[in-house]
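J.: Once you've had a glance at the structure underneath, I'll fire off some questions.
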Amino acid sequence: MTRKALITGITGQDGSYLTEFLLAKGYEVHGLIRRASTFNTGRLDSIYSDPHSGQDRLTLHYGDLSDASVLARLMGAIQPDEVYNLAAQSHVRVSFDSPEYTTDITATGAVRLLEAIRETGIKTRFYQASSSEMFGQAQEVPQTERTPFHPRSPYGCAKVFAYWITVNYRESYGLHACNGILFNHESPRRGEEFVTRKITRAVAHILAGLQTKLNLGNLEAKRDWGYAREYVEAMWLMLQQEKPEDYVIATGETHSIREFLDTAFGHVGLDWTKHVEIDERYYRPAEVDLLVGDATKAKRQLGWEPKVKFTELVKLMVDSDLQLLKDCREGRTRVTS
Ligand code: NAP
Ligand code: G4F
């Protein structure tokens, strides 16, 4: 029987890679999308432009994590074998501007989805997109599944709630529910408002003479950056285990924004110090200074480990943005890998 998956956040970076991954495995994939005044399905272009992608097994449904009735209706109609909750107001800086909205979607949205599963009584497996932001002011280095949480933003607080409510539905109702505690993961499909993509896009634009300055905030923060395409496999692997558990997914390396700038600008022979200006507006009221994960459990129990590390990741993102700009200037549309 064809297995069915429901993905919230299907139009996002991870949602698009997970959809490709599941279609390639033969799944019937259903995705929740928000109505927008402009197309928001650009990251799914690789699927719609490839007749062999399994696009005939992909169905998109309008809905929103704020709308419980839609979630229950979809759950009952689709009866998915696996539910991946990837939708969120996912920007940490924005969560300081919109804390209540962030809580509604990123925290309460998770419980709405869990309630939709419970109320419809379907037998499904549930993945919650938990985040290394929950470690915030990290209590130990590196961070593992046992490291206490100390979130530093409304986003981090909302993710802590979603983490614990997932654990609670597992313990209370025997739901096969897992938290993937994913450290930062990036790709050519990363949103342009996150620091990595903001930098790699600027490199391409500066090289082409379309931009001279790049305004950034705190350059000292350190992150454990992995490759999104690899991280979605870990999500799937968690739901294939007999026993539901929580897993850290990370590379085990940490690098500062400065190092990212060195590598990205250095890759095309530019000196970032001539272009970067510090703009206080990009600072956060409270910062997460250092994240680095220990994914030993994922390696041991899931057989998962990262292949693409920092330097390769930065270069592939810069190369993609160079190509994207070239294609755009030459009037070609291109599907981002
Ligand atoms: P992303 O690119 O920002 O995608 C977020 C997705 O959520 C988009 O599809 C967005 O739809 C959807 N969404 C936002 N608000 C919604 C709402 N009210 N109702 C329904 N859908 C809504 O995020 P990502 O990088 O793929 O991350 C996926 C998940 O993992 C998120 O929950 C994020 O918080 C979490 N996470 C990410 C990382 C990382 O480094 N990328 C690390 C740890 C955890 P639109 O396209 O319409 O905006
Ligand atoms: O790229 P960022 O916005 O990612 P952040 O805050 O680490 O959050 C991302 O990763 C989390 C996992 O830990 C996810 F849960 C979350 O959904 C999201 O995907 O910022 C990274 C660092 C921060 O320290 C920030 O202060 O870069 C610093 N930074 C410096 N200048 C900047 C900028 N961040 C952004 N977005 N824009 C800047 O101009």
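The values are calculated or read from the model by the stated rules, or taken from the named source; none is laboratory data. Values in this document were obtained by computation on a predicted structure and should not be read as measured data. Positions of Cβ are generated from backbone atoms using ideal geometry, with glycine treated the same way; all protein chains shown enter the neighbour counts. Heavy atoms of the whole protein, side chains included, go into the accessibility calculation; ligands, DNA and RNA do not. Shrake-Rupley method; radii C 1.70, N 1.55, O 1.52, S 1.80 Å.
J.: Take the range 48-77 and flag every residue that is more than 14 Å from ligand 1 (Cβ to nearest atom), among the aliphatic types (A, V, I, L, M) and crowded, with 19+ Cβ neighbours inside 10 Å.
T.: Passing the criteria: L58, M75.
J.: Quick one: would you say L219 is assigned to a loop (DSSP other than H, G, I, E, B), farther than 23 Å from A129 by Cα and open to solvent by 30 Å² or more (accessible area, probe 1.4 Å)?
T.: no
J.: Within the range 303-321, work out how many residues are out of contact with any Lys or Arg (no Cβ under 7 Å at 6 or more places or on another chain) and either open to solvent by 20 Å² or more (accessible area, probe 1.4 Å) or in a loop (DSSP other than H, G, I, E, B) (or both).
T.: 11
J.: Identify, from the list G31, G15, G42, G26, the residue that is away from ligand 1 (no atom under 13 Å from the Cβ), in the same structural domain as Q79 (by TED's automatic domain parsing) and not aliphatic (A, V, I, L, M). Please lay out each step first, then the result.
T.: Details: G31 fails: away from ligand 1 (no atom under 13 Å from the Cβ); G15 fails: away from ligand 1 (no atom under 13 Å from the Cβ); G42 fails: away from ligand 1 (no atom under 13 Å from the Cβ).
Only one candidate passes the filter, namely G26.
J.: Could you please find all residues in the range 78-93 being within 16 Å of ligand 2 (Cβ to nearest atom) and open to solvent by 10 Å² or more (accessible area, probe 1.4 Å)?
T.: Quick first cut of the range 78-93, residues within 16 Å of ligand 2 (Cβ to nearest atom) only: 84-93.
Result: L86, A87, A88, Q89, S90, H91, V92, R93.
J.: Give me the pairs: first residue in the range 45-73 and of a type in the set (S, T, Y), second residue more than 16 Å from ligand 2 (Cβ to nearest atom) and assigned to a loop (DSSP other than H, G, I, E, B), beta-carbon distance under 6 Å, and six or more apart or on different chains, which are they?
T.: S46/V335; S49/V335; Y62/R35
J.: Follow-up. Report yes if some residue within the range 182-203 is farther than 24 Å from E259 by Cα, within 15 Å of ligand 2 (Cβ to nearest atom), surrounded by 24 or more Cβ atoms within 10 Å (Cβ to Cβ) and under 13 Å from the mean Cα position of the chain (by Cα); otherwise report no.
T.: Taking the range 182-203 and keeping what is farther than 24 Å from E259 by Cα, we get none.
No - not one qualifying residue is present in the range 182-203.
J.: How many of the residues making up the range 204-243 are within 19 Å of the chain's Cα centre (by Cα) and among the basic types (K, R)?
T.: Going through the range 204-243 one residue at a time, the tally reaches 3.
J.: Here's something else I'd like to know. Would you be able to tell me the number of residues in the range 60-81 that are within 20 Å of the chain's Cα centre (by Cα) and acidic (D, E)?
T.: 1
J.: Scan the range 300-318 residue by residue and report those that are free of Cβ contacts under 8 Å to residues at least 12 places away in the same chain and more than 20 Å from the chain's Cα centre (by Cα).
T.: R300
J.: Inspect the range 245-261 for any residue being over 20 Å from the mean Cα position of the chain (by Cα) and open to solvent by less than 40 Å² (accessible area, probe 1.4 Å) and give the result as yes or no.
T.: The initial filter retains those residues of the range 245-261 that are over 20 Å from the mean Cα position of the chain (by Cα), namely 258-259, 261.
Next, only the ones that are open to solvent by less than 40 Å² (accessible area, probe 1.4 Å) stay: 261.
Within the range 245-261, one or more residues are over 20 Å from the mean Cα position of the chain (by Cα) and open to solvent by less than 40 Å² (accessible area, probe 1.4 Å).
J.: Another question, then. Got a number for residues in the range 191-217 being in contact with an Asp or Glu (Cβ under 9 Å, 6 or more places away or on another chain), hydrophobic (A, V, I, L, M, F, W, C) and more than 16 Å from ligand 1 (Cβ to nearest atom)?
T.: 5
J.: Write out, first by first residue and then by second, each pair whose Cβ atoms fall under 7 Å of each other, whose residues are 6+ apart or on separate chains, and whose first residue, in the range 78-95, is at positive phi while the second is more than 7 Å from ligand 1 (Cβ to nearest atom) and among the hydrophobic types (A, V, I, L, M, F, W, C).
T.: Q79/I122
J.: Residue by residue through the range 18-47, note down the ones that are among the hydroxyl-bearing types (S, T, Y), open to solvent by less than 20 Å² (accessible area, probe 1.4 Å) and outside any helix (DSSP H, G or I). Before the answer, list the steps.
T.: Step one: list which residues in the range 18-47 are among the hydroxyl-bearing types (S, T, Y), which gives 19, 27, 37-38, 41, 46.
From what is left, the residues that are open to solvent by less than 20 Å² (accessible area, probe 1.4 Å) are 19, 27.
The answer is Y27, and nothing else.
J.: Same structure, new question: How about the range 129-148: which of its residues are away from ligand 2 (no atom under 12 Å from the Cβ) and over 11 Å from G293 (Cα atoms)?
T.: Across the range 129-148, the qualifying residues are Q137, Q139, R146, P148.
J.: Right, here's the next one. Of the conditions (1) surrounded by 14 or more Cβ atoms within 10 Å (Cβ to Cβ); (2) outside any strand (DSSP E or B), P285 clears all except one; give me its number.
T.: (1)
J.: Is at least one residue of the range 108-115 touching a Gly at 6+ places or on another chain (Cβ under 8 Å) and either within 10 Å of ligand 1 (Cβ to nearest atom) or not small (G, A, S) (or both)? Even if it seems obvious, please write down each step before you answer.
T.: As a first pass, look at the range 108-115 and keep what is touching a Gly at 6+ places or on another chain (Cβ under 8 Å): none.
No: the range 108-115 contains no residue that is touching a Gly at 6+ places or on another chain (Cβ under 8 Å) and either within 10 Å of ligand 1 (Cβ to nearest atom) or not small (G, A, S) (or both).
J.: Taking the range 236-269, which residues are in contact (Cβ under 8 Å) with a residue 60 or more places away in the chain, closer than 24 Å to E20 by Cα and assigned to a helix (DSSP H, G or I)?
T.: Residues satisfying the conditions are W236, L237, M238, L239.
J.: State whether the residues of the range 175-190 include one that is away from ligand 1 (no atom under 14 Å from the Cβ) and in contact with a helix residue (DSSP H, G or I) (Cβ under 7 Å, 6 or more places away or on another chain). Outline the logic, then answer.
T.: Looking only at the range 175-190, we keep the residues that are away from ligand 1 (no atom under 14 Å from the Cβ), and these are 175-177.
Those still in the list that are in contact with a helix residue (DSSP H, G or I) (Cβ under 7 Å, 6 or more places away or on another chain) too: 175, 177.
There is at least one residue in the range 175-190 that is away from ligand 1 (no atom under 14 Å from the Cβ) and in contact with a helix residue (DSSP H, G or I) (Cβ under 7 Å, 6 or more places away or on another chain).
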